[in-house]
Amino acid sequence: MHLNLSRAAVLALALHAGSAHAQTAPVPAQPLGGPLVPGVCLLSREAVMANSAIGKAANTRLQELARGAQAEIDTQRTPLETEAKAIEGQPDNAQTRQRREAFTTRWQALQRQAQHNSREIDATRAKALARLATETQPVIAVVYGQKKCGLLLDRAVALGGNFGNDLTADVVRGLDAKIQTMSFERERLPQQMAK
């Protein structure tokens, strides 16, 4: 993730303020725990996707497709960069201006293509995640019933407590028993018109 300067400065200030606060605030001696709350269960969908065989397979495939989309752009970008360097040293005359304008047009087209490829990868990721969710939901329902849950919470929102009713590992095992992989291709979106 790239941070712009203002966000980085805010983050640095927040960390500094947090470290000053941490020096004065008491640190708990023991992690939070407590009794198991019957019927209250936890699940991390992110951990299910990261640790299940199908989640790993989908992630690997998405990375392959993203590398392919980037390679398409890189193949076109390299000659354009070479051309830009050649034009850079040319005298300012009508022919050079015409070459620069043609170059600018091709460079802008490449930028549009890179944005388009990015949208296609995002659409592919969304479709793959939707399929993963569809495959996972029945497994969650089975494990939920087996553990006699009455309430299912996202584990990421729990600040502490007894995680004995965390369904994540059982859901991963159930999902792995159900399906190991999935295949998909890059979503192809129509090219948008130049603005």
Inset, instruction - Determine, yes or no, whether ALA102 is assigned to a helix (DSSP H, G or I), closer than 30 Å to ALA71 by Cβ and at pLDDT below 95. - result: yes
Inset, instruction - Within segment 121-129, identify whether any single residue is more than 30 Å from LEU65 (Cα to Cα), part of a helix (DSSP H, G or I) and open to solvent by 60 Å² or more (accessible area, probe 1.4 Å), and answer yes or no. - result: no
Inset, instruction - May I ask you to list pairs of residues, at least six apart or on different chains, whose Cβ atoms are under 9 Å apart, with the first in segment 135-162 being within 15 Å of LEU36 (Cα to Cα) and the second being open to solvent by less than 60 Å² (accessible area, probe 1.4 Å) and of a type in the set (Ser, Thr, Tyr)? - result: ARG155/SER44; ARG155/THR168
Legend entry - Options GLN70, GLN23: the member that is among the polar types (S, T, N, Q), in a helix (DSSP H, G or I) and at pLDDT 95 or above: GLN70
Inset, instruction - Find the residue count for segment 85-120, including only residues that are hydrophobic (A, V, I, L, M, F, W, C) and farther than 30 Å from GLN63 by Cα. - result: 5
Inset, instruction - Working only within segment 81-98, note down all residues that are exposed (fewer than 15 other Cβ atoms within 10 Å of the Cβ) and either charged (D, E, K, R) or not in a helix (DSSP H, G or I) (or both). - result: GLU81, LYS85, GLU88, GLY89, GLN90, PRO91, ASP92, ASN93, ARG97
Legend entry - Breaking point among (1) at pLDDT 90 or above; (2) open to solvent by 40 Å² or more (accessible area, probe 1.4 Å); (3) of a type outside the set (Gly, Ala, Ser); (4) part of a helix (DSSP H, G or I), for VAL37: (4)
Inset, instruction - Check ALA156, ALA177, ALA114 and return the single one that is modelled with pLDDT of 95 or more and either in contact with a Ser or Thr (Cβ under 7 Å, 6 or more places away or on another chain) or open to solvent by less than 70 Å² (accessible area, probe 1.4 Å) (or both). - result: ALA114
Inset, instruction - Tell me, please, whether a residue that is at pLDDT 95 or above, open to solvent by 80 Å² or more (accessible area, probe 1.4 Å) and assigned to a helix (DSSP H, G or I) can be found in segment 163-170. - result: no
Inset, instruction - Could you tell me whether LEU43 is under 30 Å from ARG173 (Cα atoms) and either hydrophobic (A, V, I, L, M, F, W, C) or exposed (fewer than 11 other Cβ atoms within 10 Å of the Cβ) (or both)? - result: yes
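The values are calculated or read from the model by the stated rules, or taken from the named source; none is laboratory data. What you see is a predicted model; the values in this text were computed from it and never measured. Please note: Cβ atoms are built from the backbone with ideal geometry, for glycine as well, and neighbour counts cover all protein chains shown. Keep in mind that these areas ignore ligands, DNA and RNA; they rest on the heavy atoms of the full protein, side chains included. Shrake-Rupley method; radii C 1.70, N 1.55, O 1.52, S 1.80 Å.
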